[in-house]
1. Can you tell me which residue within the stretch 95-141, out of those that are aliphatic (A, V, I, L, M) and open to solvent by 70 Å² or more (accessible area, probe 1.4 Å), is farthest from GLY40 (Cα to Cα)?
2. Go through the stretch 142-160 and give me each residue that's open to solvent by less than 70 Å² (accessible area, probe 1.4 Å) and either β-branched (Val, Ile, Thr) or over 14 Å from ALA112 (Cβ atoms) (or both).
Amino acid sequence: MAATGGTRHRDDVQGMRALAVALVIAAHAGVPFLAGGFVGVDVFFVISGFVICGGFFKNVQRNRDVSLASFYSRRVRRLLPSLSALSVVVLLAGVFLAPYSSVRFMAHTAVAATFFNANHYLMAGAGYFDPAAEKNAFLHTWSLSVEEQFYFVLPCFILLVMLLAFADGD
């Protein structure tokens with residue numbers, strides 16, 4: 001395992017990520033028993049949880065402290081630059097390539113995705129499975145929103161468990 005930026009490269013994790021992406025691509029290609037692509041997304045969620053939680057626990061163990069601000073800051077610095085670039089490029093392309101009626105929906109979804117809330121926006125609107133949603137180039141950002149909402153809750157839950165565990169030890 002090669003070290004990169006303080007983390008270890010894990011071939012098993014990278015292999016599972018590749019499998020998850022292949023499952024999603026196969027579903028979008030119309031492989032009948034993989035309709036929806038949810039298996040690949042679920043696999044990716046599990047892998048992400050394993051990697052992110054492992055890093056969170058290592059940081060707690062190394063520093064003997066829980067810094068939610070540091071955790072959330074790392075998440076934002078990792079995701080927002082790419083998400084911002086994606087949003088700008090896709091919205092610009094959408095103005096020229098997408099049906100006029102769908103550009104506003106796309107723009108609103110892009111804003112919701114920026115705040116990791118695309119899943120709620122899509123659910124409250126036409127719905128993920130609505131034919132109108134299929135024209136939304138930001139439809140896929142629902143999964144990023146779900147993942148980040150999980151990471152808003154998980155560290156707080158871990159912190160609560162740790163505080164309760166330490167309170168019992170006193």
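The values are calculated or read from the model by the stated rules, or taken from the named source; none is laboratory data. Note that this is a predicted model, so its numbers are computed, not measured. For neighbour counting, all protein chains shown are included, and Cβ atoms are generated from backbone atoms with ideal geometry for every residue, glycine included. All accessible areas refer to the heavy atoms of the entire protein, side chains included, with ligands and DNA or RNA removed. Shrake-Rupley method; radii C 1.70, N 1.55, O 1.52, S 1.80 Å.
1. Looking at the filtered set, the residue picked out is VAL95.
2. VAL146, GLU147, TYR151, LEU154, PRO155, CYS156, ILE158, LEU159 - these are the residues of the stretch 142-160 that are open to solvent by less than 70 Å² (accessible area, probe 1.4 Å) and either β-branched (Val, Ile, Thr) or over 14 Å from ALA112 (Cβ atoms) (or both).
Yes/no per residue for (1) under 19 Å from the mean Cα position of the chain (by Cα); (2) not hydrophobic (A, V, I, L, M, F, W, C):
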| residue | (1), (2) |
| --- | --- |
| SER70 | yes, yes |
| VAL76 | yes, no |
| SER87 | yes, yes |
| LEU91 | no, no |
| MET106 | yes, no |
| MET123 | yes, no |
| ASP130 | no, yes |
